[in-house]
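The values are calculated or read from the model by the stated rules, or taken from the named source; none is laboratory data. Since this is a predicted model, take the numbers as computed values, not measurements. Cβ atoms come from the backbone with ideal geometry, glycine included; neighbour counts cover every protein chain shown.
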């Protein structure tokens, strides 16, 4: 997997940063926090799900997205984001 595929631009980085900070979020909250429109946000979420980085849980009509902490790439992402924020 290429780093570019995982990060996929500023929008995806914003999504990853929000999920790394909070652990999980709904689509509405992610859209508000990232400033992405609904359709673009869903594209990023689907791409991250396809990579196995993200899991979706449904509670009726509510979709909750959370990082897949079983995947070692999520831990590496967390470390990388923490390191970059310290710079």
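Taking the range 49-76 as the range and being part of a strand (DSSP E or B) and free of Cβ contacts under 8 Å to residues at least 40 places away in the same chain as the test, the residues that pass are 54, 55, 56, 57, 58, 59, 62, 63.
Answer with yes or no whether residue 45 is at negative phi, modelled with pLDDT of 95 or more and surrounded by 15 or more Cβ atoms within 10 Å (Cβ to Cβ). Criteria met by residue 45. Flag: residue 36 does not match the condition of being under 14 Å from residue 77 (Cα atoms) and buried (at least 16 other Cβ atoms within 10 Å of the Cβ). Counting only residues that are part of a loop (DSSP other than H, G, I, E, B) and either touching a strand residue (DSSP E or B) at 6+ places or on another chain (Cβ under 7 Å) or over 24 Å from residue 85 (Cβ atoms) (or both), the range 9-48 holds 2 of them.
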